Amino acid sequence: MHPPILLVEDNPVDVDLTLRAFSRRKLVNPLLVARDGEEALQWIARWEAGEVQPAVILLDLNMPRVDGLTVLRELKSHPWLRRVPVVILTTSKEDRDINTAYDLGANSYIVKPVNFEKFMEVAERIELYWCVANQLPGQS
């Protein structure tokens, strides 16, 4: 069984874009969607209860209710989630956001491309690195 990818994204257009890009790549990992930071944090209890942890979390920063940096801080505060890679996928190019994300334990920071073809390239890189090449703990 392939571990899922969790996409944390509040913008329906970006959710659709991501789903289409990964679908076109025929990604074998299931793609789960949390539509805001609060929904993302609800996954923690599910993982504690034994649901399969994601191969990678794709996390937007600018969301209502609970922002992405707060979600990242909370995820990385759990010792058993520190090893789950978190890739920030956002529109922000602000140095402050980039530095804070890495300080909080982000594994990568990607600025969202504006057109679908460029987004397909990003989806391919995410899939090839985080779902194929990257060795997760406990997979040896």
Among what's in segment 98-128 and is of a type in the set (A, V, I, L, M) and loosely packed, with under 15 Cβ neighbours inside 10 Å, pick the residue that is farthest from G68 (Cα to Cα).
L128
For L6, work out the one condition from (1) in a loop (DSSP other than H, G, I, E, B); (2) under 13 Å from the mean Cα position of the chain (by Cα) it doesn't fulfil.
(1)
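Coordinate-derived values only; no laboratory data. All values reported here derive from a predicted model rather than from experimental measurement. We place every Cβ from the backbone using ideal geometry, glycine too, and count neighbours over all the protein chains shown.
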